[in-house]
Structure formats: C-alpha cells, structure tokens
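K.L.:
Sharing a structure, written as structure tokens. Questions coming.
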Amino acid sequence: MTKTSVFVVCTLVLALCTSSLWAAATTPPADVLKVDYFSNANTSGAPDGTVRIDNPGTSGGSLCAAIFVFDVNEEMSECCSCYVSPDGLRTLSVDADLTSNPLTGTSLTGGVIKIVSTIAGPDKSCPSPTSSANLVPTPAVRAWATHIQNTSYTITETASQDATLSSTEEGNLASECRSIHNVGSGSGICSCGTGD
C-alpha cells in the first residue's frame, strides 16, 4: 500500500468516526419521547380522560415531563413541564389540566399529547419547555392514558407509545411552545395535575 493510499484510508476512517460522534452528540438519547392521543375531551356526557406519568427511578434521579398538547389540526394548543420524583406518579386530567387553557380559546375535543422526559433541577424545578437548550432529554418517564371512545364513551387505557425524538423535533416542540409563552396572555399553558 502506498503512502497516498494509507493517507486516504486514514482520512476516511477519521471522517467516519467524526461523523458518528457528531450524530451521537446531536441525537437525543432513546426512551425520552412518549406519544398518545385523546378523544371526546370537553364533551357533554363524556367522562374525563386521564394521563398518568411515572418516573421509574432508572435514571437515578428526579425527572420532568415536558408536555406538548396538539389539536386535531396539528397546532400546539398547550405546553408545560411537570416534576416527577423517582417512583412518583403524576395524574393529569385531560379536560382540566391539558385542554382547559387553549391558546386560541377554542376547546379541544381530540388531539395528540407528546411527553419529553427531561432532567429536573436539584430543587425539583423543571426547565422551561420553551427552549431546546433548557431541555436535557433523559430517559425514562412512563405514561398511560385513558381514551374516551366513540359516541358510547367506552373507556380504554393504554401505555403511551415510544417514539424517536430527533433534534429537529426537539427544536420544533420548544419553538412552538416558546411562541405560546411569548403571547403573554397566560393562555396555552397546561397545568400539572396531582402527585409528584
């Protein structure tokens, strides 16, 4: 092998290693994004849906659940960040905590809930979900939601689904939440229910 060939091979190996490290540095860790839906919220005669969030303690500390609520038109309606202690359980009402303060003032009946598991501050504070720089995605909150089905209002409950949180999605969630907070009206900010 000539010196030129060795140089080319070494350069390619270095480039592959560098790109792998860069990708690892910019991609949030696995097991940080949960996705679920809600239906028949704020509907006369229908029971209230519930979202339950648990910190199994496997991350070694306190976590926050950055919550982003979307309407059926894919527009973010509310966002907030809620503290969850190790082995703690936080319970949120879909009607009262996640859809009662929509940015537009229009009550939501259905949509999507995204939850990003982030690290909590030492004083049990949660970072604002308005900046991806504030969010430090950290596994591994768990979430379950009840769903109010069809016109019979049958209740089902499922575990929220795992999804991959890309750095682009993380930035989009923070940017849309920041836009809600920048309005300054207080609308669009969800509440954290009960528990810790």
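The values are calculated or read from the model by the stated rules, or taken from the named source; none is laboratory data. Quick caveat, the model's predicted, so the values are computed rather than measured. Cβ atoms come from the backbone with ideal geometry, glycine included; neighbour counts cover every protein chain shown.
K.L.:
Looking at the structure I just gave you, is Val116 at pLDDT 95 or above, over 17 Å from Gly195 (Cβ atoms) and not in a loop (DSSP other than H, G, I, E, B)? Before the answer, list the steps.
P.N.:
Working: at pLDDT 95 or above: yes; over 17 Å from Gly195 (Cβ atoms): yes; not in a loop (DSSP other than H, G, I, E, B): yes.
For Val116, the condition - at pLDDT 95 or above, over 17 Å from Gly195 (Cβ atoms) and not in a loop (DSSP other than H, G, I, E, B) - is met.
K.L.:
Related question: Going by the conditions given, is Ala159 in contact with a helix residue (DSSP H, G or I) (Cβ under 9 Å, 6 or more places away or on another chain) and free of Cβ contacts under 8 Å to residues at least 60 places away in the same chain? If you could, list the steps in order and put the result at the bottom.
P.N.:
On the way: in contact with a helix residue (DSSP H, G or I) (Cβ under 9 Å, 6 or more places away or on another chain): no; free of Cβ contacts under 8 Å to residues at least 60 places away in the same chain: yes.
For Ala159, the condition - in contact with a helix residue (DSSP H, G or I) (Cβ under 9 Å, 6 or more places away or on another chain) and free of Cβ contacts under 8 Å to residues at least 60 places away in the same chain - is not met.
K.L.:
Among the candidates Ile53, Ile67, which residue alone is at pLDDT 95 or above, buried (at least 24 other Cβ atoms within 10 Å of the Cβ) and in contact with a Lys or Arg (Cβ under 6 Å, 6 or more places away or on another chain)?
P.N.:
The conditions single out Ile53.
K.L.:
Could I ask something else about it? Could you tell me whether Ser132 is in the same structural domain as Ala65 (by TED's automatic domain parsing), surrounded by 14 or more Cβ atoms within 10 Å (Cβ to Cβ) and small (Gly, Ala, Ser)? Before you say what the answer is, go through the steps one by one.
P.N.:
Values: in the same structural domain as Ala65 (by TED's automatic domain parsing): yes; surrounded by 14 or more Cβ atoms within 10 Å (Cβ to Cβ): yes; small (Gly, Ala, Ser): yes.
Considered against the rule, which asks whether it is in the same structural domain as Ala65 (by TED's automatic domain parsing), surrounded by 14 or more Cβ atoms within 10 Å (Cβ to Cβ) and small (Gly, Ala, Ser), Ser132 comes out as yes.
K.L.:
Could I ask something else about it? Taking segment 99-119 on its own, how many of its residues are within 14 Å of Val35 (Cβ to Cβ) and of a type in the set (A, V, I, L, M)? Walk me through it before giving the result.
P.N.:
Going through segment 99-119, the residues within 14 Å of Val35 (Cβ to Cβ) turn out to be 111-117.
If we keep only those that are of a type in the set (A, V, I, L, M) too, we end up with 112-113, 115-116.
Here the count works out to 4.
K.L.:
Of a type in the set (A, V, I, L, M), under 20 Å from Val51 (Cα atoms) and in contact with a Cys (Cβ under 8 Å, 6 or more places away or on another chain) - does that describe any residue in segment 132-146?
P.N.:
Step one: filter segment 132-146 for residues of a type in the set (A, V, I, L, M), giving 133, 135-136, 140-141, 143, 145.
Remaining after also requiring under 20 Å from Val51 (Cα atoms): 140-141, 143, 145.
Next cut, in contact with a Cys (Cβ under 8 Å, 6 or more places away or on another chain) only: none.
No, that holds for no residue.
K.L.:
Of Thr104, Thr158, Thr168, which residue is surrounded by fewer than 14 Cβ atoms within 10 Å (Cβ to Cβ), in a helix (DSSP H, G or I) and of a type outside the set (Gly, Ala, Ser)?
P.N.:
On the way: Thr104 fails: in a helix (DSSP H, G or I); Thr158 fails: in a helix (DSSP H, G or I).
The match here is Thr168.
K.L.:
Give the residues of segment 171-189 that are surrounded by fewer than 18 Cβ atoms within 10 Å (Cβ to Cβ), touching a residue at least 40 places away in the same chain (Cβ under 8 Å) and on the phi > 0 side of the Ramachandran plot, sorted by residue number.
P.N.:
Gly186
K.L.:
Mind checking whether some residue in segment 119-135 is of a type in the set (Val, Ile, Thr), under 13 Å from the mean Cα position of the chain (by Cα) and part of a strand (DSSP E or B)?
P.N.:
Narrowing segment 119-135 to residues of a type in the set (Val, Ile, Thr): 119, 130.
Then keep just the ones that are under 13 Å from the mean Cα position of the chain (by Cα); that gives 119, 130.
In the following step, the residues that additionally are part of a strand (DSSP E or B) were identified as 119.
Taking every residue of segment 119-135 in turn, at least one turns out to be of a type in the set (Val, Ile, Thr), under 13 Å from the mean Cα position of the chain (by Cα) and part of a strand (DSSP E or B).
K.L.:
Would you mind finding the one in Thr151, Thr164, Thr168, Thr156 that is touching a strand residue (DSSP E or B) at 6+ places or on another chain (Cβ under 6 Å) and of a type in the set (Val, Ile, Thr)?
P.N.:
Details: Thr151 fails: touching a strand residue (DSSP E or B) at 6+ places or on another chain (Cβ under 6 Å); Thr164 fails: touching a strand residue (DSSP E or B) at 6+ places or on another chain (Cβ under 6 Å); Thr168 fails: touching a strand residue (DSSP E or B) at 6+ places or on another chain (Cβ under 6 Å).
Within the list Thr151, Thr164, Thr168, Thr156, the selection yields Thr156.
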